[in-house]
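What follows is a short report on a single structure.
The values are calculated or read from the model by the stated rules, or taken from the named source; none is laboratory data. All values reported here derive from a predicted model rather than from experimental measurement. No Cβ is skipped: glycine too gets one built from the backbone with ideal geometry, and neighbour counts run over all protein chains shown. Heavy atoms of the whole protein, side chains included, go into the accessibility calculation; ligands, DNA and RNA do not. Shrake-Rupley method; radii C 1.70, N 1.55, O 1.52, S 1.80 Å.
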Amino acid sequence: MKISVMGGGYVGLVSSACFAELGHSVSLIEIDEKKVEAINSGKPPIYEKGLEELLRKHAGRNLKASSSYDEVCNTEISFICVGTPSGPEGEADLSMIEAASRSVGESLQEGDGYHVVAVKSTVPPGTTQDLVMPTVLRRSGSVGGERELGFAMNPEFLREGLAVQDFMQPDRIVIGCSDTKAGDLVESIYERLNAPVIRVGLSSAEMIKYASNALLATKISFSNEIGNICKKIGIDVYEVMRGVGMDHRISPHFLNAGAGFGGSCFPKDVMAMIRLAELIGEDPVLLKSVVEVNMKQPIRMVDLLERRLGGLSGKEIAVLGLAFKKDTDDVRESRAIPLIKELKKRGAWVKAYDPLAVSNMRKVFPDVEYFKSAAGALENADACLIMTEWPEFAQLDEEFDLMKSRVIIEGRRVLLCGDAEGLCW
Ligand code: UGA
């Protein structure tokens, strides 16, 4: 099938490469010329496991990137994969969705045959129906039925670092559609994956994405709260959650207590959900608590450290792990950010190390001292805080002897040496 994809960010690029792998012919539209060039030469502008292999295989053949919308009218389906960042009140900013809808609409003035416009970006319920659909119909001149158009909402559930695997082996494919014909076309794209498909209304599909992220974030904050309680009474929350997660109704996933959730999705999507609820007169007490627990975890960690050291002013603190999770250089909403801010506020000197994320964190904190190894950051430090579950940290032990004393606090349970204190275990 001929597919066009709007937006060469992480979702658009991974989806394009995977669509190509499924045998489709993909036109990826991205306004950033540098990204277009990189993609066409088979080099992914982001790190994502397995993506480079797919690009090398398909770029210039059945995957072609361009900054022009010209090809859209020659495809059977277009996916909108542009970003939906947070607006000033935490709401989803839909300006890029609207702009992409306008451009898709305009390009659909040309060409003929049935075409489906599908939204993959995470958007609040109602967006496809009330914003994308009318914008595309108006701009394409199809309101009266010049070119037959269908609409769909097909959310992604891709984890950074595992996005290719999540795309190729999905738990489910959610398809919201305006009519059966549009749904059938979207479903046929995924035929080779042999995955369960659920067909729902457009707004339900949008809500499934938000509710999934909100529930996963809730599981994490729940585990953190239970962990905070457990620690006070000397119980290991990891033992507890192992027992809890064995109940098939709960599942063992996303019950790891620690410094909380970061990344470009959970914090933004939970806030957008809260804002959406408030705008329709609902008070989302549970979701607000999920955010509150998440904001407090890094501060609790600094409080714990301050109690251990008896004051932070002038102390050298090694922070190991800056990425919001392992296997990525992404620091967006990383729990290391509020933690470092608080350490600086209390007068500590921060010495940081991460295997991949130093250059991104340098843009956030140019005045932190960065090191090329964990040992470098640990040398002479008064204490060490672990913020990302990088496997290389698991083996650290003798390196801690380089510190003034072995005061080690973990925000992620990763170390094998026995003398680290957990944030909530
Ligand atoms: C998340 C979802 O997992 C994907 O399903 C979704 O498609 C994606 O957002 C999105 O909306 O695009 P991602 O942000 O890549 O994926 O990261 P996760 O692996 O979910 O981790 C998010 C954060 O939660 C990390 O900071 C991680 O350390 C933290 N976490 C995760 C915990 O603190 N405890 C856990 O048990 C699991």
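Residues in region 231-257 that are more than 15 Å from the ligand (Cβ to nearest atom), open to solvent by less than 90 Å² (accessible area, probe 1.4 Å) and in a helix (DSSP H, G or I): K231, G243. Taking first residues from region 359-372 that are at positive phi and partners that are open to solvent by 90 Å² or more (accessible area, probe 1.4 Å), no Cβ contact under 7 Å between residues at least 6 apart in sequence or on separate chains turns up. Residues in region 297-315 that are in contact (Cβ under 8 Å) with a residue 24 or more places away in the chain and either within 18 Å of E421 (Cα to Cα) or within 14 Å of the ligand (Cβ to nearest atom) (or both): Q297, P298, I299, R300, M301, V302, L304, L305, E306, R308, L309, L312.
Considering every residue within region 135-144, establish whether at least one is in contact (Cβ under 8 Å) with a residue 40 or more places away in the chain and open to solvent by less than 30 Å² (accessible area, probe 1.4 Å). Scanning region 135-144, I find no residue that is in contact (Cβ under 8 Å) with a residue 40 or more places away in the chain and open to solvent by less than 30 Å² (accessible area, probe 1.4 Å), so the answer is no. Sort out which residues of region 112-121 are buried (at least 22 other Cβ atoms within 10 Å of the Cβ) and in a loop (DSSP other than H, G, I, E, B), and write them in order of number. K120, S121, listed by residue number. Looking across region 258-281, just one residue is aromatic (F, W, Y) and in a helix (DSSP H, G or I), and that is F266. Here the condition is being within 30 Å of R275 (Cα to Cα) and open to solvent by 10 Å² or more (accessible area, probe 1.4 Å); of A59, A38, A92, it holds for A92 alone. Considering L339, L396, the condition of being open to solvent by less than 20 Å² (accessible area, probe 1.4 Å) and away from the ligand (no atom under 16 Å from the Cβ) is satisfied by L396 alone. Comparison of K296, K325, K344, K288 shows that the only residue that is in contact with a strand residue (DSSP E or B) (Cβ under 8 Å, 6 or more places away or on another chain), modelled with pLDDT of 95 or more and open to solvent by 20 Å² or more (accessible area, probe 1.4 Å) is K344.
Residues that are closer than 13 Å to K219 by Cα and within 7 Å of the ligand (Cβ to nearest atom) within region 258-271 comprise G258, G260, F261, F266, listed in sequence order. Scanning region 121-158 for residues that are of a type in the set (D, E, K, R) and at pLDDT 95 or above, we see that the one that is farthest from the ligand (Cβ to nearest atom) is D130. Filtering region 405-425 to residues that are surrounded by 14 or more Cβ atoms within 10 Å (Cβ to Cβ) and over 28 Å from the mean Cα position of the chain (by Cα) leaves R406, V407, I408, C417, A420. Taking the criterion of being closer than 20 Å to T388 by Cα, out of contact with any helix residue (DSSP H, G or I) (no Cβ under 8 Å at 6 or more places or on another chain) and not small (G, A, S), would at least one residue in region 234-252 satisfy it? There is at least one residue in region 234-252 that is closer than 20 Å to T388 by Cα, out of contact with any helix residue (DSSP H, G or I) (no Cβ under 8 Å at 6 or more places or on another chain) and not small (G, A, S).
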